[in-house]
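Reading through the structure tokens given below for one structure.
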Amino acid sequence: MWATAVGVARVRALETEREDALFRDPLAQAFATAGGLWPSSPPLPDDEAARRRRLGVAFSIVIRTKFLDDLLQQACASGVRQVVLLGAGMDSRAFRMDWPEGTRLFEVDTPAPLDFKASVLRQERAVARCERITVAVDLREDWPAALAAAGHDPAVPTVWIAEGLLIYLPEDAVELLLARISAQSAAGSRMGLTLGSRGVIERFAADAVPGSAASMWVSEMPDDPVGWLAGHGWKAESHTLRDRAAAYGRPISTPPQREERPGGLISAVRR
């Protein structure tokens, strides 16, 4: 699944080239092209409907990246100095964002993507702008123990990011992940989540290429994500892609296909 992260890097590289880019990711192109992974991705359907869906996914990646960048900056402004990226993939925030002194950023992922990433970072001579700590562990295993061994302190606030992750996990695994995050979160911790919107699996499953990202999507967001998170001890706000896109000057021109439900971009504070 981690090769999907290389595809996300490709989207971020294309956004970086825009004059009106919502963010700049100078490492994205290197991640996208290293090792020839991107050109050897599974062949993609070339019909118009599939092309439009791909553009929609790319657009959502750009908007969610900006949303979570802003959330991280707000968390740091509130005094949070521990950052945990779950399923970090090719995330380069440790290198591309400005961090307050004393920030410790933990990247949690399996060994394969972290090793691939390390090779690219060496090649690019990239220098992190904060203390960056990689934690090689599968999120299906006891990752809180591995995170603690790497130096994470659950007694002080943390900002957690699970970007493009939960949609790949079955419902019971999502619940376990959230319970584990909550158990490691002091009051005042922050969290940024992206959730699969209702109906997204149905819309994309029809022509999903085996091995593609969409073919591995299994989990959509609950009907009431704010209430769901409240049950885990978090005060959450839910945003739609449409309202965030408009706020960032990238309005979606097409009307909603159905009545829009609570959105899949979540910011939350630990009570």
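Per-structure values
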item: Pick from the range 77-134, criterion among the charged types (D, E, K, R) and under 20 Å from Thr16 (Cα atoms), ranking: most open to solvent (accessible area, probe 1.4 Å); result: Arg125
item: Subset of the range 153-168 [surrounded by fewer than 20 Cβ atoms within 10 Å (Cβ to Cβ) and touching a residue at least 40 places away in the same chain (Cβ under 8 Å)]; result: Asp153, Val156, Tyr168
item: Elements of type strands (runs of 3 or more DSSP E) in the range 117-201, at least 3 residues being touching a Phe, Trp or Tyr at 6+ places or on another chain (Cβ under 9 Å); result: 131-136, 190-194
item: The range 1-34: number of residues that are charged (D, E, K, R), modelled with pLDDT of 95 or more and in a helix (DSSP H, G or I); result: 2
item: Selection count, the range 215-255, where residues are part of a loop (DSSP other than H, G, I, E, B) and modelled with pLDDT of 75 or more; result: 14
item: Unmet requirement for Arg51, which otherwise passes all of (1) at pLDDT 95 or above; (2) surrounded by fewer than 23 Cβ atoms within 10 Å (Cβ to Cβ); result: (1)
item: Yes/no for Gly188 being at pLDDT 95 or above and in contact with an Asp or Glu (Cβ under 8 Å, 6 or more places away or on another chain); result: no
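The values are calculated or read from the model by the stated rules, or taken from the named source; none is laboratory data. The structure presented is a predicted model; accordingly, all values stated were derived computationally and were not measured. Here Cβ is always computed from backbone atoms with ideal geometry, including for glycine, and neighbour counts include all displayed protein chains. Keep in mind that these areas ignore ligands, DNA and RNA; they rest on the heavy atoms of the full protein, side chains included. Shrake-Rupley method; radii C 1.70, N 1.55, O 1.52, S 1.80 Å.
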